[in-house]
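Structure, as structure tokens:
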Amino acid sequence: MHTFWKTIGLYNSATWLGQLLIVVTGIILTTLLIRKQSPTVKRLMKIYLTGVYLWIAIVYYLIYCAERNYNALMALFWGVMAIAWIWDTVTGYTTFEYNKKYRVFACFLLLSPFMYPLFSLLRGLSYPEITSPVMPCSVVTFTLGLLLLYSRKVNIFMVLLLCHWSLIGLAKTYFFQIPEDFILVSVSIPALYLFFNESFIRNLPKDAKPKAKYIHGLLILICVMLGAVLVSSLLQTAFAYP
């Protein structure tokens, strides 16, 4: 746990300017995407996401988290997701077509990275050993929000990787005493349901085997089970903090 927060402190101290530039660029591109949705802006957003994911893989994990035993594996995971965004940029698979159905929840996710440092400060931590908007989990919540706001056609492979990362956060809340990750896990469960319901179940043919209603029921059951694990972890963490 000491190593975990030490590396976060080193990362924040050394890269605060770079993180600020990433955040400002993200705000500008997101605003442009919401207002214009031109092919150029969509391509720039994908290039931006590729760069941010490579930043997490190289700068965060390989450089400043080198003391952690699992840093190379985590860097590889984020490198794979960066490659997925490169592929998407070339093929144009994710169309970034606006879907107003989930607008409120999606906007909440887009803003959630700023909740991480606030949460850290509220629970008594101090800079630089606090979570920041340019760390793995906060980047995931931003990406989920962006994809949900434009969920008419998304790369479901990317969604699976993002949700898989979210579930890793359950273990981190206990072992590294980072309850901030409950933000990520609690929003990723409903996001998982909405993505699969929108992109997969709604498009199943009527004669599909098994029928869509059974697959939908299974999806609900999985999300309920994940929710139960989340609540259990939340209670255990709550008792761990006096």
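The values are calculated or read from the model by the stated rules, or taken from the named source; none is laboratory data. Keep in mind that this is a model prediction, so the values were computed, not measured. So basically every Cβ, Gly included, is an ideal-geometry build from the backbone, and we count neighbours across all protein chains shown.
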Screening 168, 183, 178 for residues that are among the β-branched types (Val, Ile, Thr) and either at pLDDT 75 or above or surrounded by fewer than 20 Cβ atoms within 10 Å (Cβ to Cβ) (or both) leaves only 168
* Output yes when any residue across region 120-130 is surrounded by 19 or more Cβ atoms within 10 Å (Cβ to Cβ) and at pLDDT 90 or above, and no when none is. => yes
* Restrict the check to region 43-57 and report whether at least one residue is within 25 Å of residue 16 (Cα to Cα), out of contact with any helix residue (DSSP H, G or I) (no Cβ under 6 Å at 6 or more places or on another chain), aromatic (Phe, Trp, Tyr) and modelled with pLDDT of 90 or more. => yes
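Residues checked against (1) charged (D, E, K, R); (2) surrounded by 19 or more Cβ atoms within 10 Å (Cβ to Cβ):
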site	(1), (2)
8	no, yes
11	no, yes
20	no, no
24	no, no
31	no, no
37	no, no
42	yes, yes
52	no, yes
75	no, yes
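Can you name every residue in region 114-164 that is in contact with an Asp or Glu (Cβ under 7 Å, 6 or more places away or on another chain), assigned to a helix (DSSP H, G or I) and not hydrophobic (A, V, I, L, M, F, W, C)?
116, 120
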* Could you tell me whether any residue of region 123-146 is over 15 Å from the mean Cα position of the chain (by Cα) and among the aliphatic types (A, V, I, L, M)? => yes
Selection from region 80-94 of residues buried (at least 18 other Cβ atoms within 10 Å of the Cβ), aliphatic (A, V, I, L, M) and in contact (Cβ under 8 Å) with a residue 60 or more places away in the chain yields 81, 84
